[in-house]
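Step one of this worksheet: look at the structure below.
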Amino acid sequence: MLIPVLAIVVGALWYRWQLDPPGRAGRSVEVRVESGWGVRDIGRALHRRGVIGSELAFSVYARTASDGSFEAGTYALHRHM
């Protein structure tokens, strides 16, 4: 019983850390979102540019906290957001 509870707690802490890492945001970077891209494509682009630490955490967040629609374009973001 302890191991499943511990796994859930560790997973929740990891997820929270990914969504709100400690410290300040890094330098500014541009990320291009192409028309027709889905959550997975956007997560990959954000991860490659260093904006997010985990594509998985982004995917879960995007699917649960938004309607999952994104607008194509170039965005000025910060590393380690």
When every residue in segment 1-42 that is touching a Leu at 6+ places or on another chain (Cβ under 8 Å) and open to solvent by less than 30 Å² (accessible area, probe 1.4 Å) is compared, the one farthest from Gly73 (Cα to Cα) is Val29
Are there any pairs, at least 6 apart or on different chains, whose C-beta atoms fall under 7 Å, with the first in segment 20-48 and more than 16 Å from Phe70 (Cα to Cα) and the second basic (Lys, Arg) and open to solvent by 70 Å² or more (accessible area, probe 1.4 Å), and if so, which? Val29/Arg49
Could you look through segment 43-81, keep only residues that are closer than 23 Å to Trp17 by Cβ and charged (D, E, K, R), and pick out the one that is most open to solvent (accessible area, probe 1.4 Å)? Arg48
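The values are calculated or read from the model by the stated rules, or taken from the named source; none is laboratory data. The shown structure was predicted, so the numbers you read here are calculated from the model rather than taken from an experiment. We place every Cβ from the backbone using ideal geometry, glycine too, and count neighbours over all the protein chains shown. We work out accessible area using only protein heavy atoms, side chains counted, and drop any ligands, DNA or RNA first. Shrake-Rupley method; radii C 1.70, N 1.55, O 1.52, S 1.80 Å.
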